[in-house]
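Asker: Okay, here's the structure, questions in a sec.
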């Protein structure tokens, strides 16, 4: 049995923080691991976002603390994230604001503030459904595209070349054209970081590989004086905790960042909800997405006023903590405390961090986002959905992250409409052993002679009503004569007005041809809808069956009468 702490949790402290005495040390050690693994990573995310590197550290201070206190998930780590960082850079870059400039930082704060407000609105009006606007298929394709964009975007700095404008294809062309001007010392530095990270990870995933590589790069730079031999370094990093940074409240700025914030909102809800649910299921807990949305809102507002940028639920950081044995937000509070110490004591050390080394860290982050295994799995299971995922990846790579998220949402909606427009419908047949099996909807398909039990595989609405009518015509107007047509409604969760009208038309057409229409497996709300549309009155109470088995028995009795 767990040992309870003698001191009580303060009323304001969220239940996601476990203060039981037997959990204090494991969660604290997991927090130390998170800090060691994530600090180099958030420096890279700051570079992706176009922010000063210290802004990455700031995302692990107040935003992480606020979510730990307000959120419900015991596992979800909220902090800087590659997808939202790339979206921020793409969005603010389109406004022609110089990266890392004071104006850019203010607009990044404004974006975080607007995201926080939108999350509050999403919670109040229960727009958590937006999390479903990115299907898992599309999310794999989107993050793969982001990974390619991020990795390609770091090639110039890793090779010691000047920045190359444009999207990933233009950057590749630009890098190839400038290969003769690469800096050998930058190339060797970046290559060394990549080798150290890969070797350390091969030994153990618990080794803070990026931290080891970054420290090694700084030490070698200092000892060999590489910064005096043309190797570009980070330079002065402000020491001290983040102060109060006021974002821009100008109406023009709010209007300019709103589209960026809206696209981020969809990604944050989708990614955070998916991560929270996955880890809650892993540990036998019940997720509370609404409360997590409140925590995310508070974290982004905190980011807006502390010189940070938009934060998101991070699958990679969440896995870091879970793999290290962390089981509550106490681990995340520990990581925040370690980050505060790093900001106070270690920022002078960061001034000699080579830009090529940081570019290598970010490049590896991008490569990890490229989900080859996920794309292969989609290809092997659902070729049609693979096309959607690949289209999303190409859109992000060619058109950019901001346009790519619009394509991703559109692709998710199109994928849903495609499934509901042409659902997997079937004709049900009972085997000799008494089990139902499915046959394709095709001419001549019969449950028994004279009876068709037709299971339509989706809700009925205006877009698929004519498809349903065509299925009924195919099943009843061709092949052996049909006396009864039974609509098995087990998969129908809703019938809109257009579809209700179509059901009346179908029933009339069947009646004219001497075919009786009956229904089975109606759920309560659908039965009420059919009552209002007048469908059940036409069919008759004796034509509404609880199961298709009852409909089959009634048909067989009618043939003997």
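A short reminder: the numbers here are calculations on the coordinates, not readings from a lab. Predicted, not measured: the structure shown is a model, and the values here were computed from it. Cβ atoms come from the backbone with ideal geometry, glycine included; neighbour counts cover every protein chain shown.
Asker: Over the Cα atoms of region 157-295, how large are the radius of gyration and the largest Cα-Cα distance (Dmax), in Å?
Answerer: Rg and Dmax of region 157-295, Cα atoms, are 21.6, 57 Å.
Asker: Another question, if that's okay. Working out 0.36 nm times the residue gap between residue 222 and residue 403, then minus their Cα-Cα distance, what length gain in nm do you get to one decimal?
Answerer: 60.9 nm
Asker: Classify region 426-560 from the C-alpha gyration tensor, please: rounded if a/c falls under 1.5, else prolate or oblate depending on whether a/b exceeds b/c.
Answerer: rounded
Asker: Please compute the modelled spin-label separation between residue 550 and residue 390, points set 7 Å along Cα→Cβ, answer in nm with one decimal.
Answerer: Those two pseudo-labels are separated by 4.9 nm.
Asker: Further question on the same structure: Given the chain, what percent of its DSSP beta bridges are antiparallel, to the nearest 5? Show your work: numbers first, answer last.
Answerer: Details: 10 of 23 bridges.
About 45 percent, rounded to the nearest 5.
Asker: Using the beta-carbon distance between residue 470 and residue 414 and R0 = 25 Å, what value does 1/(1 + (r/R0)^6) give for FRET efficiency, to the nearest 0.05?
Answerer: Using R0 = 25 Å, I get an efficiency of 0.70.
Asker: Moving to a separate point now. Can you order the peptides 156-167, 171-182 by their average number of other Cβ atoms within 10 Å per residue, highest first?
Answerer: Per-residue Cβ counts within 10 Å, averaged per peptide and sorted highest first, yield 156-167, 171-182.
Asker: For a quick protection proxy, order the peptides 249-261, 348-360 by their average other-Cβ count within 10 Å, most packed first.
Answerer: Result, highest mean Cβ count within 10 Å first: 348-360, 249-261.
Asker: Please give, to one decimal in nm, the separation of the simple spin-label points placed at residue 421 and residue 382, each 7 Å out from Cα toward the Cβ.
Answerer: Placing both labels 7 Å along Cα→Cβ, they lie 1.7 nm apart.
Asker: For the peptides 404-413, 304-313, 190-199, what is the packing order when you average, over each peptide's residues, the other Cβ atoms within 10 Å and list the highest mean first?
Answerer: Put in order of decreasing packing, that is 304-313, 404-413, 190-199.
Asker: Can you give the three extents of the C-alpha atoms in region 274-325 along their principal axes, from longest to shortest, in whole Å?
Answerer: Each principal axis gives a Cα extent; for region 274-325 these are 36, 24, 15 Å.
Asker: Where the convex hull is taken over the Cα atoms of the chain, what is its projected area averaged over directions, in nm²?
Answerer: Its Cα hull, projected and averaged over all orientations, spans 32.8 nm².
Asker: Report, in deg cm²/dmol and to the nearest 500, the calculated mean residue ellipticity at 222 nm for the chain, where each DSSP H run with n ≥ 4 adds -39500 (n - 2.57) and the sum is divided by the residue count.
Answerer: It lands at -20000 deg cm²/dmol.
Asker: Let me ask something else. Using only alpha carbon pairs under 8 Å that are at least six residues apart, calculate the relative contact order of the chain and give it in whole percent. Spell out each step's value before the answer.
Answerer: On the way: 1030 pairs, mean separation 125.9, N = 561.
Once normalised by length, the contact order is 22 percent.
Asker: Could you grab the relative contact order for region 56-122? Cα pairs under 8 Å, six or more apart, rounded to a whole percent.
Answerer: It rounds to 21 percent for region 56-122.
Asker: With a ≥ b ≥ c taken as the square roots of the eigenvalues of the C-alpha gyration tensor of region 144-232, please select rounded if a/c is under 1.5 and otherwise prolate if a/b is larger than b/c or oblate if it is not?
Answerer: Numbers: a/c = 2.79, a/b = 1.24, b/c = 2.24.
Cα axes put region 144-232 in the oblate bin.
Asker: If I histogram all Cα-Cα distances within region 31-120 using bins 5 Å wide from 0, what percent of pairs lands in each bin?
Answerer: Values per bin, smallest distances first: 3, 14, 23, 26, 18, 11, 5, 1.
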